[in-house]
Every structure is written in structure tokens, then in C-alpha cells.
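Comments concern the structure below.
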Amino acid sequence: MQHSIIIIGAGAAGLMAARILSAAGHTVTVLEANDRPGGRIHTIQPAGFTMPIEEGAEFMHGKLPLTMQLLKEAGVQYQAVAGKMIQVKNGRWSDQEEFVEGWDELMDRMADLKEDMTLADFLQQYFRDDKYAALRKSAQRFAEGFDVADQQDVSVFSIREEWMNEQEEQYRIPGGYNQLITYLQNACKANGCVIHTSSVVKTVRWEPDKVQVGTANGQTFTAQKLIVTVPLGVLQAPAAHSTAVVFEPAIDTQPFQQIGFGAVVKVVLQFSAPFWLEYRKDIGFLLSEEAIPTWWTQLPDSVPVLTGWAGGPQAARFKDTDEQTIIEQALQSLANIFSMQVEQLKGLLTASHAVKWQTNAYSLGAYSYSKLHTGTARQMLNEPVNDTIYFAGEALYNGEAGGTVEAALSSGSSVCKLLSS
Ligand SMILES: Cc1cc2nc3c(=O)[nH]c(=O)nc-3n(C[C@H](O)[C@H](O)[C@H](O)COP(=O)(O)OP(=O)(O)OC[C@H]3O[C@@H](n4cnc5c(N)ncnc54)[C@H](O)[C@@H]3O)c2cc1C
């Protein structure tokens, strides 16, 4: 049976669903708030940069099936990330194998855990002793840095699964992640799907098999079915928030609050030369205790670009900090890591860019993580409301690739099966 379908959000999930449904003969309209599709995939080249940079997604964490399939179809090249993970603590540089004493014990204890609990409770219960202080800090920083999670509410079961199944191989797309979005967008258009950008959805009036969607610029769209793929931050926002989508009649928004959604600050700095090669030639990632704690190079490419990252509560601290101040703090962090004068680094700087995802109006955060009741919440949200309103997006995905582009593609694909069943 053919339907008319509105999809809110033209990120990876929305475009994936739009492509599948429009190919199956449904009439699909996509409404996107930004003036571009892609959402949290956003390749840009700001003034001064000699290469494209990623504001959002950058890596593929292993050869994930849907992402790989799309890249293959689109003929987009990717390459393995090179270099080592190095920790810098109190001026001492150490390789990954040697830097977290007690990590195996922590993983064993996690593996034995029978009942889920928050990371903070787990560390308090099993690793309270003073001798574990550094281990506790490392676990907290891992959860914050990689999962953008707060140790106070992140589920140990979820991070256990992820940390144990961590993919060694990581890849990136030298020409930019946006190529994947352009490919999906063109496929949608070729199927007759219409994508309206700069269309901020404000209201959804609905009854079974009928939705009326109102946008901020006064347009109204109607359809039989609705797929909502806006980021979790937007779904969690109170009705009074300028980006919130208001449902009439109201739907149960409680499950959205049961999923974690972390903050990220990302800083990209380009220098006149890769000065870090004088320290080591094999720097892939640097983990430090600075204000901007995590850094990576572009190895195997030797371009003089460093990317800085703060996630979870570390990033949330920058909520009211302007871009210039973030860049200053990033330079100070690097100066401390490399024992250089900040003025020396400024002299080498040729371009800089900082982005705060928690204040991005159409995202209100970076990506999701699991809290104690997230599994049940996801189950509820993956059930359509009266066979009329469906939810999709990375936060709705239940699997090993949580918080990724793969998660978004997978959720976008799953919702189509649900709609066709
Ligand atoms: C800084 C950062 C780094 C990341 N790094 C990686 C990585 O290395 N590898 C990886 O795999 N993943 C990474 N991710 C995660 C990945 O980018 C996301 O999981 C994925 O892109 C989400 O896709 P989505 O379609 O679910 O949501 P989105 O891409 O956010 O799409 C939702 C769309 O809804 C739109 N929208 C919001 N509100 C409204 C409204 N009211 N009306 C209409 N439209 C609206 C938004 O503008 C957006 O375009 C990263 C994310 C961030 C933020």
C-alpha cells in the first residue's frame, strides 16, 4: 500500500528512510530546519583552511555494514587511520599499552557484573580504594571522551559492551563525510522525493493516518504518516524552547528523557608546519588532562592539522564560552602538552575553527549514550504512535554501533520495515 509520508530531518537517518520509501513508490516529503541536509554530518572548509574539515562525524569505527555499503555504492574512497594512541600526563608521554594500570581488572569486573548500574556507582563499589584513583579517572575520561557520557548516569552494561568490542581499525573519508549525504540526497531526488531545507517544524497536529505539520515560516504540509528523525536534544527540549516540536494531541515524551545525550566541543587548528613530528612521528591520538583533553592528527596524511575534542561534562563546561576563547584554551592545552609557549603556537597557526554541538539550535547536543532505562525507552520509541507517527535517528538505535552514522542509517532503514509491515 502506498502512503504519503513526511520525514522531519534530513540527516543520515531521514535521508536513508527517504531513499528507501521513495524507491518503494511512497510519496515522500522531507522537512529540514537547516539550509542544508546532513545534520550532524557536516564537512566544511572555513576561510584559511587548505582542506575540508569535519564539524561532526569524522571516523568509521570499524567496517560497519550499512556505511560501507553506501560508500561502495557511491564510489567514495576511505582510508585507515594510522598512528598510536598516546597519553600525556604531567609532561610524561606513554603509549596505550602501558598507560592504564588496572584496566584488565576493571574489564574483568565489568564482565562479571550481573546487574546494571551507573559507572559512578560501579567505580565507587568496586574500585573505591585510593590505589585505584588513577584508574577511576581513566574510566571516567573514557566515558566522557568517547561516549560523551556522564559517569553519574551512564549504564555500565552499555559501555562494557562497547569497550569490549572496540574496533581496532578506524577509517576516515579524505574527501569528506558529506559525500555520503550528497549521494543519498541525489538518490532521494531521483526517486521523486522532495526535500525542503530551511523548514523548521514547530507543530504536528495529528489523528490516526493523518498528520498536519506546521513550519516556522508558516507553511503547512499534510500526509498519512510521519517519521521524526530530529536529534534527541530537540525531542528532549521543553515545549517553550525555540526549536521544540509540539505534538497536538501530546505524545508521551517521558521515554526521550531516559536516553542520555552528551555535549561535544570540537576544535580544528591548522598550522604552517606539523611541529608535532619533532616530538614523535607516530602520533595518532593524544589523551591529556588539559581543558581540551583529546587531540588527533590526520595520519597517515601528514597535513599540519590537529583536531581537539572535549566530550560529555568536559564539553558542557564550555556552554557559555565563545569560539575565540575556546580556541585560546585549545592553544593553551596544546602548549602544555608539547611544553611550548602559547605565543609560539599562535605564530604557527594559519586557520582555526571551533564548534559547540550542545548550543547548535537543531541538535542541542552531540550524540546519545545509554542510561539505566534506555533499553526500555528505545523499545517504546521504536513502536509507532497509532500507526501514524514513527521515530528514527541515531538515538533510537539499539546495537553495538551506538551514537554513530551507522546507528542513524540502521534506524532509518528499520523504520521503513516497520512502516511497510
Ligand atoms: C561532533 C560529533 C562527532 C561525531 N563523530 C562521529 C564519528 O566520528 N563517527 C560516527 O559514525 N558518528 C559520529 N558522530 C555521530 C553522527 O554524526 C550521528 O550519529 C549521525 O550523523 C546522526 O544522524 P541522524 O540522522 O540521526 O541525526 P541528524 O544528523 O542530527 O539529523 C537530524 C536532522 O533534523 C534536523 N532538525 C532538527 N530540528 C528540526 C526541526 N524542528 N524541524 C526540521 N528539522 C529539524 C536537523 O537540522 C538535522 O539535519 C558524531 C557526532 C558529532 C556531533
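The values are calculated or read from the model by the stated rules, or taken from the named source; none is laboratory data. Remember, predicted model here, so these are calculated numbers, not experimental data. We place every Cβ from the backbone using ideal geometry, glycine too, and count neighbours over all the protein chains shown.
The residue of the range 127-141 that is nearest to the chain's Cα centre (by Cα), among those that are crowded, with 18+ Cβ neighbours inside 10 Å and more than 22 Å from ALA315 (Cβ to Cβ), is LEU135.
Scanning the range 311-349 for residues that are within 24 Å of the chain's Cα centre (by Cα) and hydroxyl-bearing (Ser, Thr, Tyr) yields THR321, THR325, SER333.
Looking across the range 309-321, the residues that are charged (D, E, K, R) and either crowded, with 19+ Cβ neighbours inside 10 Å or in contact with a strand residue (DSSP E or B) (Cβ under 9 Å, 6 or more places away or on another chain) (or both) come down to ARG317, LYS319. Could you list, in sequence order, the residues of the range 374-392 that are surrounded by fewer than 19 Cβ atoms within 10 Å (Cβ to Cβ) and either among the charged types (D, E, K, R) or not assigned by TED's automatic domain parsing to the domain that holds ILE20 (or both)? Within the range 374-392, GLU383, ASP387 qualify. Among residues of the range 29-41 that are at positive phi and in a loop (DSSP other than H, G, I, E, B), those with a Cβ under 9 angstrom from a residue that is within 6 Å of the ligand (Cβ to nearest atom) and of a type in the set (Val, Ile, Thr), sequence gap 6+ or separate chain, pair up as GLY39/THR229; GLY39/VAL230.
If you go through the range 42-73 and keep only what is away from the ligand (no atom under 16 Å from the Cβ) and in contact (Cβ under 8 Å) with a residue 40 or more places away in the chain, you end up with ALA47, GLY48, PHE49, THR50, MET51, GLU73. From the list LEU396, LEU364, LEU306, exactly one residue is surrounded by 20 or more Cβ atoms within 10 Å (Cβ to Cβ), within 25 Å of LYS137 (Cα to Cα) and in contact with a Leu (Cβ under 9 Å, 6 or more places away or on another chain). Which is it? Among LEU396, LEU364, LEU306, only LEU306 is surrounded by 20 or more Cβ atoms within 10 Å (Cβ to Cβ), within 25 Å of LYS137 (Cα to Cα) and in contact with a Leu (Cβ under 9 Å, 6 or more places away or on another chain). From the list GLY14, GLY25, GLY48, GLY56, the lone residue that is within 25 Å of ASN398 (Cβ to Cβ) and assigned to a loop (DSSP other than H, G, I, E, B) is GLY56.
Checking each residue in the range 371-392 for being within 22 Å of PHE157 (Cβ to Cβ) and within 14 Å of the ligand (Cβ to nearest atom) picks out ARG378, LEU381, ASN382. Report, by residue number, each residue of the range 263-301 that is part of a strand (DSSP E or B) and among the basic types (Lys, Arg). Within the range 263-301, just LYS266 meets the criteria.
With THR197, THR229 as the choices, which residue is touching an Asp or Glu at 6+ places or on another chain (Cβ under 7 Å), closer than 30 Å to MET51 by Cβ and touching a residue at least 12 places away in the same chain (Cβ under 8 Å)? Before you say what the answer is, go through the steps one by one.
Numbers: THR229 fails: touching an Asp or Glu at 6+ places or on another chain (Cβ under 7 Å).
Going through THR197, THR229 in turn, just one is touching an Asp or Glu at 6+ places or on another chain (Cβ under 7 Å), closer than 30 Å to MET51 by Cβ and touching a residue at least 12 places away in the same chain (Cβ under 8 Å): THR197.
For the range 407-414, does any single residue satisfy the condition of being buried (at least 20 other Cβ atoms within 10 Å of the Cβ), of a type outside the set (Phe, Trp, Tyr) and under 15 Å from GLY260 (Cβ atoms)? Yes, there is a match, as at least one residue in the range 407-414 is buried (at least 20 other Cβ atoms within 10 Å of the Cβ), of a type outside the set (Phe, Trp, Tyr) and under 15 Å from GLY260 (Cβ atoms). Scanning the range 116-136 for residues that are under 17 Å from TRP103 (Cα atoms) and touching a residue at least 40 places away in the same chain (Cβ under 8 Å) turns up just one, LEU119.
Within the range 93-109, is even one residue in contact (Cβ under 8 Å) with a residue 40 or more places away in the chain, away from the ligand (no atom under 16 Å from the Cβ), in the same structural domain as GLN298 (by TED's automatic domain parsing) and part of a strand (DSSP E or B)? Checked against the condition, which is being in contact (Cβ under 8 Å) with a residue 40 or more places away in the chain, away from the ligand (no atom under 16 Å from the Cβ), in the same structural domain as GLN298 (by TED's automatic domain parsing) and part of a strand (DSSP E or B), the range 93-109 yields at least one hit.
Please specify each residue of the range 53-74 satisfying the condition of being out of contact with any helix residue (DSSP H, G or I) (no Cβ under 7 Å at 6 or more places or on another chain) and either under 22 Å from TYR367 (Cα atoms) or hydrophobic (A, V, I, L, M, F, W, C) (or both). Those that are out of contact with any helix residue (DSSP H, G or I) (no Cβ under 7 Å at 6 or more places or on another chain) and either under 22 Å from TYR367 (Cα atoms) or hydrophobic (A, V, I, L, M, F, W, C) (or both): ILE53, GLU54, GLU55, GLY56, GLU58, PHE59, HIS61, GLY62, LYS63, PRO65, MET68. Residue-level check: of (1) charged (D, E, K, R); (2) in a loop (DSSP other than H, G, I, E, B); (3) modelled with pLDDT of 90 or more, LYS72 misses just (2).
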